[in-house]
Amino acid sequence: MPDSGQISALRAWHEGFSSRDAVERFLPGVRSAGESARGVIGRIRRQIAAFARVRHRDDLAALFEGPAKHSAAAARRVVAAVEALRTTALPRPLIGDDVERWLPPRTIEPLHAAGIRTLADLTVRVPRRRRWWSAIAGLGVAHARQIEAFFAAHPDLTERARALVVLPAPSDVSPWERIVVPEEVDGSRGLHRAPRESCALRASNDYEAVQAWLSMHEAPATQRAYRKEAERLILWAIVERGCALSSLATEDAVAYRTFLRHPSPRGRWVGPPRPRTAPDWRPFSGALSARSTAYALSVLNALFRWLIEQRYMLANPFAGLKVRGTKAAVLDAGRAFTESEWNLVRTLADGLEWSYGWEAPAAQRLRFILDFGYGTGLRASELVGAKLGRIELDPHGDHWLRVVGKGSKAGKVSLPPIAREALDRYLAQRGLPVTPAKWASSTRLLGNIPAAVGEADEAGGITTGRLWALTKRFFATAAGELQEVHPALAEKLRRATPHWMRHTHATHALERGVELTTVRDNLRHSSVSTTSIYLHTDDRRRAEQMRRGFSGAKDAR
C-alpha cells in the first residue's frame, strides 16, 4: 500500500487541489527526473487499484481506475476504501478456481487458447521443466515468471491438482512427427505405386515420400502449412478409410472433400488449439470454409503431382476436384486502414503503458511492429526473420533491407525515414547500438523481451505466431477502446491481422502519388496487376465526380 504521505496527496487531489500542489505539499522531492505531478498521482492510484485486485476487491479497485471525481465526498470515499483495504486479508486460492481469478490479465488469453481454464489444468498440463512456457503460444518469458512466482507462493496447489485431475486418454490421431503407421497401410505396397526401379526417390513408404516433398520447401511457414494438409490426409486415410495414402482412389478424394467441410466424429478430429505435444491435440479446430477446403485440396493436388513427377505414384486422385462456393481471390478494400483510422490506431499505441497497463518493453516492441510494418510493407514472416546484418546502405545514402519472401524469393525493401527512425528508436530501447558499424549481424530486428530487468535483449527474435498474437492483442485492445466512439473502426480492428499493415502501406503509398511500379517492386509482386488491387477509389469522391460530369440532361445536350 502507498504510505501516509502518498495517501494524503491523493486525498488532497480528490478534494480539489491541483496535482502539483498536492504533490509539492505532501510529497516534496519524490518526483523522479522527467516525471510530472499528474504522473505521481496516477502511479499512486494504480498502486492502490492493483492492491485491491490482488485481494479480489474489484469494487474498491474501480474507485482508483478511470475518471476521478473531485469533491469532499469523493475524498472521503477514497480514504474509506484505503482503510478497508488495509484490513483485507489475502484470499487463499483453491485448486478448482479459474485462472483469471488469480493470474495477471495478460496471461489469460494464451492460457485459454491452450485449453487451460483452472489452476488444476495449469499445474498438471504444464510440464515442470525449463522453458515450459514455449509450448503455450503467446505466453512468453515475463508472464511465465509471474505464473511461477504465484505457484512458488502456493506450493500445495501442485500436489492437490495431481490428485484431482485425470489426463484424457491418448487419441488415435497423432501429429506428423509422432505418427506410427502400421505396415499394412504405410504405402510400401500401395495400389497406385509406380515400379520401384523407375522411382527417383529413395523413400520406401508414403511417410518418407511426403517428408521428401516437404523438405523441398525451405520456408518454415510453407513447410508448416503443407505439413498440416499432408498430416490430415494421411491420418484420415489410415483411421477412417483403413488404407495407405498411395492407395487412395478418386472416390476417396471426394469423400475427403466432404470430410474437410464437416470433420467427424468430432471427438476424434476436432478440438481447441493445443500444443502439438499435448495429449488432447486434434488436427482440426473446426469445419473448414469453402475457401480453406479449396486451399487444402490445391496443396494435396500439388503433392500428388510431385509424387507422379518423381515416379513414386501412377495416379492423382485429387486431379480436377473442385469446391463449390469459392470465388476468385480479390482484395477486400476493408482490409486496409484509411489515413485517419491509422493515425488514430497509432495514437492509441502511444498510450499502451499508461492507459492499458502494458509493460514498457512489450509496448515499445508493438509500436516498432506497427511503424516498421507500415513503413516497409513487409510480410509477418519477413519481419520476424529480418536481421541487422541484412540492412545495406547504397552509394546514394538510401537504406535497404534484404529479405527472403514468399516462395523463397530473395529481394530487397526500401527503408523510408519512418522505418529507419522506428528501428533506431527500438534498438536504443533494447539497449543495442544504433550505429551500423557496431551491429551484430545476427541480431534480429524484432527481439525477445528480457526475462528480468537489467538482462540483455535476446538476439533470437520471436516466431510468426507470436507476432500475430501480439498484434491481435493490440487490435483487440484498440477495438474495445473505440467501440463507443467509432464502432465501424472497432469492427475493423477485431478483424485486423498483421497483414493489414502491408495492405495499408501499399494503399497509402499509391494515394500519396508513389508510382505503381515502385510499390510493386517494394512489395515484390510479380505483376503490376497484383499491386493494382490497392488502387482503391473512395466511393464518395467517385460519386461526386460522376455527378459533376453528368449533372443533368441540359449538360448532355
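For region 213-236, enumerate the residues that are under 24 Å from the mean Cα position of the chain (by Cα), part of a helix (DSSP H, G or I) and farther than 20 Å from Ser174 by Cβ. Result: Pro220, Ala221, Thr222.
If you filter region 367-401 down to residues that are of a type in the set (Lys, Arg) and under 24 Å from the mean Cα position of the chain (by Cα), you find that the one that is most open to solvent (accessible area, probe 1.4 Å) is Lys387. Does region 303-322 contain at least one residue that is within 28 Å of Gly138 (Cα to Cα), in contact with a Leu (Cβ under 6 Å, 6 or more places away or on another chain) and in a loop (DSSP other than H, G, I, E, B)? Within region 303-322 (the criterion being within 28 Å of Gly138 (Cα to Cα), in contact with a Leu (Cβ under 6 Å, 6 or more places away or on another chain) and in a loop (DSSP other than H, G, I, E, B)), the answer is no, since none of the residues qualifies. When restricted to residues that are touching a residue at least 24 places away in the same chain (Cβ under 8 Å) and either among the aromatic types (Phe, Trp, Tyr) or more than 30 Å from Phe150 (Cβ to Cβ) (or both), region 31-58 contains 1. Here Ala81, Ala72, Ala149 are screened, and the one residue that is at pLDDT 85 or above and out of contact with any His (no Cβ under 9 Å at 6 or more places or on another chain) is Ala81. Contact map, region 107-119: residues that are farther than 13 Å from Trp132 by Cβ and part of a helix (DSSP H, G or I) paired with residues that are among the acidic types (Asp, Glu) and open to solvent by 10 Å² or more (accessible area, probe 1.4 Å), Cβ distance under 6 Å, separation 6+ or inter-chain. Pairs shown: Ile108/Glu100; Leu119/Asp97. Quick one: how many residues across region 62-103 are surrounded by 14 or more Cβ atoms within 10 Å (Cβ to Cβ), over 30 Å from the mean Cα position of the chain (by Cα) and not in a loop (DSSP other than H, G, I, E, B)? Number satisfying all stated conditions: 11. For Arg346, the requirement of being out of contact with any Cys (no Cβ under 8 Å at 6 or more places or on another chain), of a type outside the set (A, V, I, L, M) and assigned to a loop (DSSP other than H, G, I, E, B) is not met. Gly34 passes every criterion in (1) open to solvent by 70 Å² or more (accessible area, probe 1.4 Å); (2) closer than 28 Å to Ala89 by Cα; (3) in a loop (DSSP other than H, G, I, E, B) apart from (2). Contact map, region 333-356: residues that are closer than 19 Å to Arg473 by Cβ paired with residues that are among the acidic types (Asp, Glu) and in a helix (DSSP H, G or I), Cβ distance under 7 Å, separation 6+ or inter-chain. Pairs shown: Leu348/Glu481. Evaluated against (1) open to solvent by less than 50 Å² (accessible area, probe 1.4 Å); (2) touching a helix residue (DSSP H, G or I) at 6+ places or on another chain (Cβ under 6 Å); (3) over 30 Å from Arg46 (Cβ atoms), Asp424 falls short on exactly one condition, (2).
What's the total number of residues in region 52-73 that are within 22 Å of Trp354 (Cβ to Cβ) and among the small types (Gly, Ala, Ser)?
5
Just one residue in the set Ala212, Ala194, Ala200 is open to solvent by 50 Å² or more (accessible area, probe 1.4 Å), more than 24 Å from Val323 (Cα to Cα) and among the aliphatic types (A, V, I, L, M); that residue is Ala200.
Can you tell me which residue within region 104-113, out of those that are among the aliphatic types (A, V, I, L, M) and open to solvent by less than 40 Å² (accessible area, probe 1.4 Å), is nearest to Arg38 (Cα to Cα)? That would be Ile108.
Of all the residues in region 97-120, those that are in contact with a helix residue (DSSP H, G or I) (Cβ under 6 Å, 6 or more places away or on another chain) and more than 23 Å from Phe51 (Cα to Cα) number 3. Do you know which residues across region 361-386 are touching a helix residue (DSSP H, G or I) at 6+ places or on another chain (Cβ under 8 Å), in contact (Cβ under 8 Å) with a residue 40 or more places away in the chain and among the aliphatic types (A, V, I, L, M)? Scanning region 361-386 gives Ala362, Leu366, Ile369, Leu370, Leu378, Ala380, Leu383, Val384. If you check Asp172 against the conditions, is it modelled with pLDDT of 85 or more and of a type in the set (Asp, Glu)? No: the conditions fail for Asp172. Within region 268-288, none of the residues are charged (D, E, K, R), under 23 Å from Leu307 (Cα atoms) and outside any loop (DSSP other than H, G, I, E, B).
Screening Phe17 against (1) modelled with pLDDT of 85 or more; (2) part of a helix (DSSP H, G or I); (3) not acidic (Asp, Glu) leaves a single unmet condition, (2). State which residue is surrounded by the fewest Cβ atoms within 10 Å (Cβ to Cβ) when the search covers only region 267-300 and only residues that are touching a Leu at 6+ places or on another chain (Cβ under 9 Å) and more than 24 Å from Ala255 (Cα to Cα). Step by step, filter region 267-300, then rank; the result is Pro279.
In region 309-324, of all residues being among the hydrophobic types (A, V, I, L, M, F, W, C) and open to solvent by less than 60 Å² (accessible area, probe 1.4 Å), the one that is farthest from Leu245 (Cα to Cα) corresponds to Val323.
The values are calculated or read from the model by the stated rules, or taken from the named source; none is laboratory data. As the structure is a prediction and not an experimental result, all values here were calculated from the model. Because the Cβ atoms are built from the backbone with ideal geometry, glycine has one as well, and the counts that use them run over all protein chains shown. Accessible surface is based on the protein model in full, side chains and every heavy atom, while ligands, DNA and RNA are left aside. Shrake-Rupley method; radii C 1.70, N 1.55, O 1.52, S 1.80 Å.
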